[in-house]
Amino acid sequence: MKTRYRKLASLGLMACLSCYLLLGSASPASAMHIAEGFLPVQWAAFWWAVSLPFFLVGLRSLTRITKQNPELKLLLALAGAFTFVLSALKIPSVTGSCSHPTGTGLGAILFGPSVMTVLGGLVLLFQALLLAHGGLTTLGANMFAMAIVGPYVAYFIYHLVLRTGYQRVAVFTAAALEDLLTYVMTSIQLALAFPAASGGFMAAFLKFTGIFAVTQVPLAISEGLLTVLVWNWLQSYGQQELETLKLLKQES
């Protein structure tokens, strides 16, 4: 009976957080992926060149996983869908721009960061083509921030915190910090491309991070909580897949 109530409570909390994210979305605002044509040509080309090797490595990892464990394809689809839905939401900030969750932490924990580079890159491509969310010229920059830096941060933070023996704390911390560090990277990209007239890169970086922090800190906490709820759901209904990935652990 207690297990049943825990499952119902988990689903209820998941629904509440999802409603919070959905009701907070604002379609008229501009998306926080770096917009099409916004970066100077040299910086757009630079981030494409940096991101492509990670994408190719990720393709090899994804191919290996699907060949060795074809039963994990459904879980891969879930990780991609989770990223697509969360990163497509647009939450208005006080500046008139908007922020959004990223959703790459869950897949990075499940399959590793290189796989999420591919899934995140495909998510960004579809959003650029179908939702005008981001762009093709800035796809390399957006991919580096959300599909490379974010997943690698999530993966290493998860395994670092997991040493404490508290898996849910590790999941929450990884998802929350992945969200925040994605936006720190975006701030670095914007500051490099548009240094301030007075103060240069550092002044621009502090300005961008200050703007993002207003909405991104509560979003990161919300994403961490939602990821933990999805993790609890996977522990209840996806035990076979988690066992295959050697991720089914008991809290100490």
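The values are calculated or read from the model by the stated rules, or taken from the named source; none is laboratory data. Everything quoted here is computed from the prediction, not taken from an experiment. Using ideal geometry, Cβ is built from the backbone for each residue, glycine included, and neighbour counts are taken over all protein chains shown. All accessible areas refer to the heavy atoms of the entire protein, side chains included, with ligands and DNA or RNA removed. Shrake-Rupley method; radii C 1.70, N 1.55, O 1.52, S 1.80 Å.
Set side by side, the residues GLY140, GLY150 differ, and just one is crowded, with 21+ Cβ neighbours inside 10 Å, within 14 Å of GLY107 (Cα to Cα), within 17 Å of the chain's Cα centre (by Cα) and touching a residue at least 12 places away in the same chain (Cβ under 8 Å), which is GLY150. Go through the residues of segment 230-241 one by one and say whether even a single one is within 24 Å of LEU124 (Cβ to Cβ), in contact with a helix residue (DSSP H, G or I) (Cβ under 8 Å, 6 or more places away or on another chain) and open to solvent by 40 Å² or more (accessible area, probe 1.4 Å). No: segment 230-241 contains no residue that is within 24 Å of LEU124 (Cβ to Cβ), in contact with a helix residue (DSSP H, G or I) (Cβ under 8 Å, 6 or more places away or on another chain) and open to solvent by 40 Å² or more (accessible area, probe 1.4 Å). Take the residues in segment 201-217 that are under 17 Å from GLY150 (Cα atoms) and surrounded by fewer than 18 Cβ atoms within 10 Å (Cβ to Cβ); name whichever of them is farthest from the chain's Cα centre (by Cα). Across segment 201-217, the extreme among qualifying residues is ALA213. Across segment 32-61, which residue is surrounded by the fewest Cβ atoms within 10 Å (Cβ to Cβ) among those that are modelled with pLDDT under 95 and touching a Leu at 6+ places or on another chain (Cβ under 8 Å)? Top of the filtered list is GLU36.
It is to be established whether one or more residues within segment 166-178 are in contact with a Ser or Thr (Cβ under 7 Å, 6 or more places away or on another chain), more than 19 Å from PHE82 (Cα to Cα) and buried (at least 18 other Cβ atoms within 10 Å of the Cβ). The answer is no; no qualifying residue exists. Answer with yes or no whether GLY105 is in a helix (DSSP H, G or I), under 18 Å from SER222 (Cβ atoms), touching a residue at least 60 places away in the same chain (Cβ under 8 Å) and open to solvent by less than 30 Å² (accessible area, probe 1.4 Å). Answer is yes for this residue.
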